[in-house]
Amino acid sequence: MIQVRSVTYTLMIALIFTVVQNWALWRYLEPILHSGEWQAGLVFTLPLLIFSLLVFFSVLLVWPYGHRILLPFFLLLSSIATYGMLAYGVFFNYTMMANVFETHYAESVDYVSWRSVLSVLGLFVPFWFFFTRCRVVFPRSMWGLFGEKLLLIGGAVLVVILIAAGYYKNYASLVRNHPEVRSLINPTNYLSASFRYLRTHWIEGRLPFEQIALDATDLDVDKRSPNVLVLVVGETARSMNYQLNGYDRATNPRLSQLPVFSFQDVSSCGTDTAVSVPCMFSNMTRSTYNAMRARKREGLLDVLKRAGISVVWLENNSDCKGVCQRVRYIDVRENTSSPFCKGKQCLDEALLALLQKELSNVMHNTVIVLHLLGSHGPAYYRRYSETSRHFQPACETHDLHQCTQAEVLNAYDNSIVYTDSVLAQAIDLLKTKEDRMTGALLYISDHGESLGESGLYLHGLPYRIAPKEQTQVPMIAWLSPQWLKRKNLAQGCLDQIANEQAVSHDHLFHTVLGMMSIKTQAHARELDVFLPCMKEKDDKS
């Protein structure tokens, strides 16, 4: 056993967290700090500043007996965070922690591999073993213990004040130009984000629920041929990998043979599902979106239901992130008899049997939402069937670092091919019901994905620094001839808008209201994508 004073023990913890558990921070900052725009003093004082901040954290960990539990717990959590930041470029901000708290078990398992386990253990075990060999000597009295802690905190505060006095403007500029850096400081990143998340949910529970569009009415009711919109919410699909959008691979072999409108410039609301799905179903725009307000406020599906539209959500992802709480909900993974399911993991084709059943029972105007598992990573190879293995060799592990970038791309593109098939089959089902309903399908993904470009994988980067791979998403519409005629839509105009107009998740709420002919003051006509293409505009709608 190594005998160390509690002060020394506290400083050692802060040092190890500064050097090792903040490896991702230093790697991210290196090109920024060496760009030539920062004073040398900032470069040299930044590690000291981080160390001083982590002294505060270490002081809270080191207590008689308590440190034996607290230290390994936080060391393990920080090792997991370090691996995530290094391997996938994850930033542990509020939205990322929301994903962590709200993720489905089947999704989280995809991130576990021998490489990830060994990497985390490599960051955790040596230091945990070292600290278990330390016999910490604490002051004999409680006053001595608190005096020691005050001394450490005072020294850390003094260092921070001195650094701020000399380089405040530089640090202010760094944080202003690169606010994402705060989401890399381990462990304050995931601790502060978790606290924010839990506090937000506590505050949210005390807020009143807000109704919207109380005047919503359906202007197009025809029981002989009800309007049926299949609204498909994609997962992790990026626009640039769609053949329909100019990609040089045949990733849309089925849809390219159909009269669909593929929008070329579509931006997501966020870079992860926890933000994008509630945002796209809200009447708030990306610039005004507030997650807490959205959860305590009605959304698109509530407005449709109020107007008399039948609404059902068919789920094959983690969940609907709260947007379907007040409508009928069916989880495909509860149907264990489906040939497309193994345990709680289902291919998206499992949704089609449920869709067919819903279409057979349509009696009046209906919106059916399909929430796909789509191209959810990192296990892209699990997202498609054998018939969609178009591109080989494909990465067949969720540990992407074991594969070449070409193999990762092949697996991802195969998942796009599979989604193409699912969408085409959904359109075929709508076609079989043309004698008794007027059908349309609208598909839009929640966010994109990085596949190794600039060393980044997966998604979830802060929006301001996120690459287009994570923010540009596909949006595809199929409108039956009956739909085009019934809604007085000019096909040439739709082609032009799809090719030329910039669209975003901001448009979805209002576009769907327009498609279903819902009259309400909440309908922002300027955000209704299809409205300009009506041959005979009806000012009442």
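Hey, with R₀ at 35 Å, roughly what FRET efficiency would Lys344 and Trp26 work out to, going by the Cβ-Cβ distance, to 0.05?
Rounded to the nearest 0.05, the efficiency is 0.35.
Any chance you could list P(r) for the stretch 1-112, counting all Cα-Cα pairs in 5 angstrom bins from zero, rounded to whole %?
Spelled out per bin, shortest first, that is 2, 10, 16, 19, 17, 15, 11, 7, 3, 0.
Are there cysteines in the chain with no other Cys C-beta under 4.7 Å, and if so, which?
Lone cysteines by the Cβ rule: Cys134.
Could you tell me the center-to-center distance, by alpha carbons, between the stretch 334-379 and the stretch 21-79 in angstrom?
So the two Cα centres are separated by 46 Å.
How big is the Kirkwood radius of the stretch 144-226, worked out from every pair of different alpha carbons and given in Å to one decimal?
Answer for the stretch 144-226: a Kirkwood hydrodynamic radius of 18.8 Å.
Averaging sequence separations of C-alpha pairs under 8 Å and six or more residues apart, then dividing by the length of the chain, give the relative contact order as a whole percent.
Working: 901 pairs, mean separation 111.0, N = 541.
Reported relative contact order: 21 percent.
Looking at the stretch 466-507 from every direction and averaging, what is the projected area of its Cα convex hull in nm²?
Numbers: hull surface 14.9 nm².
The orientation-averaged projected area of the Cα hull of the stretch 466-507 comes to 3.7 nm².
With a sphere of radius 14 Å drawn around the Cβ of Val117, what net charge do the other residues whose Cβ falls strictly inside it have (Lys, Arg +1; Asp, Glu -1)?
Result for the local shell: -1.
Using +1 at the C-beta of Lys and Arg and -1 at the C-beta of Asp and Glu, which of Gly452, Ala426, Ala440 has the Cα lying farthest in the positive direction of the dipole of the stretch 423-468?
Of Gly452, Ala426, Ala440, it is Ala440.
Give a residue-ordered list of calculated ³J(HN,Hα) values for the stretch 281-295 (Karplus: 6.51 cos²θ - 1.76 cosθ + 1.60, θ = phi - 60°; whole Hz; x for Gly, Pro).
8, 9, 8, 7, 8, 4, 6, 10, 5, 9, 4, 5, 5, 5, 6
Check the straight Cα-Cα distances from Lys487 and name the lysines below 21 Å, setting aside those fewer than 8 residues away within the same chain.
Excluding near neighbours in sequence, the set is Lys223, Lys305, Lys431, Lys433, Lys519, Lys535, Lys537, Lys540.
For the stretch 17-73, what's the radius of gyration and Dmax over Cα atoms, in angstrom?
14.8, 47
Once all Cα-Cα distances of the stretch 54-186 are split into 10 Å bins that start at 0, what whole-number percent is in each one?
10, 28, 32, 24, 7, 0
Treating the stretch 339-492 as a set of equal point scatterers at the Cα positions, no solvent, please give the Debye-formula log₁₀ I(q)/I(0) at q = 0.14, 0.18, 0.19, 0.21 Å⁻¹.
-0.80, -1.11, -1.17, -1.31
For the chain, what is the charge dipole size about the Cα centre, in debye to the nearest 20, if Lys and Arg each add +1 at the Cβ and Asp and Glu each add -1 at the Cβ?
So the magnitude is around 1620 debye.
Please report, in cubic angstrom per residue, the volume enclosed by the convex hull of the alpha-carbon atoms of the chain.
171
Can you compute the radius of gyration and Dmax for the stretch 232-345, using only the Cα atoms, both in Å?
16.6, 44
So for the stretch 409-541, what are the equivalent ellipsoid semi-axes in whole Å, largest first, each being the square root of 5 times an eigenvalue of the Cα gyration tensor?
Sorted largest first and rounded, they come to 31, 20, 12 Å.
Specify the inter-centroid distance of the stretch 257-294 and the stretch 502-526, based on alpha-carbon positions, in whole Å.
Value for the Cα centre distance between the two parts: 12 Å.
Values in this text are rule-based calculations from the coordinates and carry no lab data. This is a predicted model, so every value here is computed, not measured. Cβ atoms come from the backbone with ideal geometry, glycine included; neighbour counts cover every protein chain shown.
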